[in-house]
Amino acid sequence: MTISVLIVDDQALVRTGFRFMLQSTPDLVVAGEAADGRQAVAQARALRPDVVLMDVRMPTMDGIEATRRIVAETTSRVLILTTFDLDEYAFEGLGAGASGFLLKDTPPAALYDAVRAVADGDAVLTPRITRDLVTRFAAQSVAPRPRPAEGLPIDGLAADDLAALTPREQDVFRSIAAGLSNAEIAASLFLTEATVKTHITRLLAKLHLRDRVQVVIYACERGLV
């Protein structure tokens, strides 16, 4: 199965570099390019790529607004392109619906893995970035809802949607919110990675969330982290 990719960056040299890397592997296909956010939205609507590599700082329409529109209007998943993994705009991109970060100097092998992971429904976030995301949302972007009682565990919360999770799904939920990778979750809960992925798929469906980025945001919104 091939994965189609739309490359969005206002610098032609950057787009050429990503195109060169992506074209070197048979399962990744460059569907098109865009030099600003408006072009990106139009191309995403027309081409329906599996993954969009999205720069943030661009003329006409920035990558944040373009990400918001693409996620709302298509099934494409967005990877934010950034020079630094603590870029303020990149964190806004996650809030707009992006599935993770990708540094512009990412080595080819990591680029391929990131695109495949996002196309497969996963998110590309390191544990440190996830923790930073939690901190930023909790401190700046979100007003957490009051807890029913201080220190009450997730399975004791009154939220009906969280109550729909099985105990093991709640364990996985906690682990994602804490910034653990699938491998780390598997090790801490004595599960296989395949089983962890199954639990994640089920809890995402029950909570009506798209990926683990939204799990972190969801947890912040409800004061669970």
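The values are calculated or read from the model by the stated rules, or taken from the named source; none is laboratory data. For clarity, every value in this text was computed on a predicted model and none was experimentally measured. Cβ: placed from backbone, ideal geometry, glycine included. Neighbour counts: every protein chain shown. To get the accessible areas, we keep the full protein, side chains included, count just its heavy atoms, and leave off ligands, DNA and RNA. Shrake-Rupley method; radii C 1.70, N 1.55, O 1.52, S 1.80 Å.
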**OP:** At 0.36 nm per residue, minus the direct Cα-Cα distance, what do Val14 and Arg57 gain on full extension? Give it in nm, one decimal, please.
**Re:** 14.2 nm
**OP:** May I ask you to list the residues of the range 192-206 whose amide nitrogen lies under 15 Å from a point 7 Å from Cα along the Cα→beta-carbon direction of Arg168?
**Re:** 192-204
Original post:
What is the distance, in nm, between label points placed 7 Å from the Cα along the Cα-to-Cβ direction at Ala110 and at Ala72?
Top reply: 3.3
**OP:** On the full set of protein chains, 1.4 Å probe, figure out the accessible area of Val29 and give it in Å² to the nearest 10.
**Re:** 70
Subject >> Phi to ³J(HN,Hα) by Karplus 6.51 cos²θ - 1.76 cosθ + 1.60 over the range 42-57, Hz, x for Gly, Pro >> reply: 5, 5, 5, 5, 7, 9, 6, x, 5, 9, 10, 8, 10, 6, 9, 8
**OP:** Based on the mean of other Cβ atoms within 10 Å per residue, sort peptides 9-16, 103-110, 33-40, 205-212 so the most packed one is first.
**Re:** 33-40, 205-212, 9-16, 103-110
Original post:
Taking a probe of 1.4 angstrom, what is the accessible area of Ile200 in Å², to the nearest 10?
Top reply: 20
**OP:** Could you pull out every residue, at least 5 positions away or on a different chain, whose amide H is within less than 5 Å of the one on Arg57? Hs are placed 1.01 Å off N in the peptide plane, and Pro or chain starts have none.
**Re:** Gly63
Original post:
For Gly17, what charge total do you get from the other residues with a beta carbon under 15 Å from its beta carbon, if Lys and Arg give +1 and Asp and Glu give -1?
Top reply: -2
Subject >> Amide H contacts of Ser4 (H built 1.01 Å from N, under 5 Å, at least 5 apart or other chain) >> reply: Val29, Asp50, Val51
